[in-house]
Amino acid sequence: MDGLKFLNNNYSHTIGDKALWALADRLRKITSRKDILFRPAGGDEFTILLSIENDTANPEEIFERIKRQVNEDLFIEIREKDGSDTKFPITASMGYSVLKRGDIKTAEELLGEADQMEREDKRAKKTQEKGD
């Protein structure tokens, strides 16, 4: 999740938790019952294990669809000190890794690949924000 440290430091951990719950709820809604969704060791990261049974499925298309659905119109309401309400956007930088039938990769390798993509996604968002 992008911006969790900002929310915790500038509002409260309760507001940060509210944002995490909003993101978790969104992830639950866009994943199927056979997918595995979890938040390893707390923090601002979530992991989804997708079982793609169709060998012709395009993992990049699936990833882009999930990323779009996660980042589409997700907000939490924050009460400011002056009494006004602010809509704070909840977004997530994301990455993925693929383990195809017959591949041999460790969990660390898979997570490393996904982490690298997530960092690239985060950099791309920051570059886009500077250009807006």
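Taken together, the values in this text are just the output of simple stated rules run on the coordinates, not laboratory data. Values in this document were obtained by computation on a predicted structure and should not be read as measured data. Note that each Cβ is placed from the backbone with ideal geometry, even for glycine, and that neighbours are counted across all protein chains shown.
Could you go through region 80-89 in sequence order and give the Karplus-derived ³J(HN,Hα) for each residue, using 6.51 cos²θ - 1.76 cosθ + 1.60 with θ = phi - 60°, rounded to whole Hz, and x for Gly and Pro?
So the J values, rounded to whole Hz, are 7, 4, 7, x, 7, 9, 10, 8, 9, x.
At what distance in nm do the modelled label points of Arg33 and Ile62 sit from each other, each positioned 7 Å from its Cα along Cα→Cβ?
1.9
Return the whole-Å distance between the Cα centroid of region 1-34 and the Cα centroid of region 66-82.
Each part reduced to its Cα centre gives a spacing of 9 Å.
GluC sites (Glu not before Pro), restricted to region 58-127: which are DSSP loop and have at most 10 other Cβ atoms within 10 Å?
Values: sites: Glu60, Glu61, Glu64, Glu72, Glu77, Glu80, Glu108, Glu109, Glu113, Glu118, Glu120; in loops: Glu72, Glu80.
Loop-located and lightly packed - Glu72, Glu80.
Label region 85-132 by shape, choosing from rounded, prolate and oblate, from the square roots a ≥ b ≥ c of the eigenvalues of the Cα gyration tensor; if a/c is under 1.5 it is rounded, and otherwise prolate applies when a/b is larger than b/c, oblate when it is not. Can you show the working numbers first?
Numbers: a/c = 3.99, a/b = 2.40, b/c = 1.67.
Judged from the Cα gyration tensor, region 85-132 comes out prolate (a/c at least 1.5, a/b above b/c).
Can you tell me the orientation of helix 107-131 relative to the chain, as the angle in degrees between its alpha-carbon axis and the longest Cα principal axis, to the nearest 10?
Once rounded, the angle reads 40 degrees.
Among the listed pairs Lys67/Lys126; Lys34/Lys125; Lys29/Lys125; Lys34/Lys122; Lys105/Lys126; Lys29/Lys67, which are separated by more than 19 Å between their Cα atoms? Can you show the working numbers first?
On the way: Lys67/Lys126 16 Å; Lys34/Lys125 31 Å; Lys29/Lys125 24 Å; Lys34/Lys122 28 Å; Lys105/Lys126 31 Å; Lys29/Lys67 13 Å.
From Lys67/Lys126; Lys34/Lys125; Lys29/Lys125; Lys34/Lys122; Lys105/Lys126; Lys29/Lys67, over 19 Å: Lys34/Lys125; Lys29/Lys125; Lys34/Lys122; Lys105/Lys126.
I'd like the orientation of helix 13-30 relative to the chain: the angle between its Cα long axis and the longest Cα principal axis, in ° from 0 to 90, rounded to 10.
Helix 13-30 sits at roughly 40 degrees to that axis.
Got a sec to turn the phi values of region 94-104 into Karplus ³J(HN,Hα) couplings, 6.51 cos²θ - 1.76 cosθ + 1.60 with θ = phi - 60°, whole Hz, x for Gly and Pro?
3J(HN,Hα) across region 94-104, in whole Hz: 9, x, 8, 9, 10, 10, 8, 3, x, 6, 10.
Convert each backbone phi in region 33-47 into a coupling constant with the Karplus relation 6.51 cos²θ - 1.76 cosθ + 1.60 (shift: θ = phi - 60°), then list the ³J(HN,Hα) values in order as whole Hz, x for Gly and Pro.
3J(HN,Hα) across region 33-47, in whole Hz: 5, 8, 7, 10, 10, 8, 10, x, 6, x, x, 10, 10, 10, 10.
At 222 nm, what helix-only mean residue ellipticity would the chain give, in deg cm²/dmol to the nearest 500, using -39500 (n - 2.57) for each DSSP H run of four or more? Show your work: numbers first, answer last.
On the way: 4 runs with 63 residues, N = 132.
After summing the helix terms and dividing by the residues of the chain, the value is -16000 deg cm²/dmol.
Count neighbours as other Cβ atoms within 10 Å of each site's Cβ, and list the trypsin sites (Lys or Arg not before Pro) in region 1-109 that are DSSP loop with at most 10 such neighbours.
Filter output for region 1-109: Arg33, Lys34, Lys81, Lys100, Arg101.
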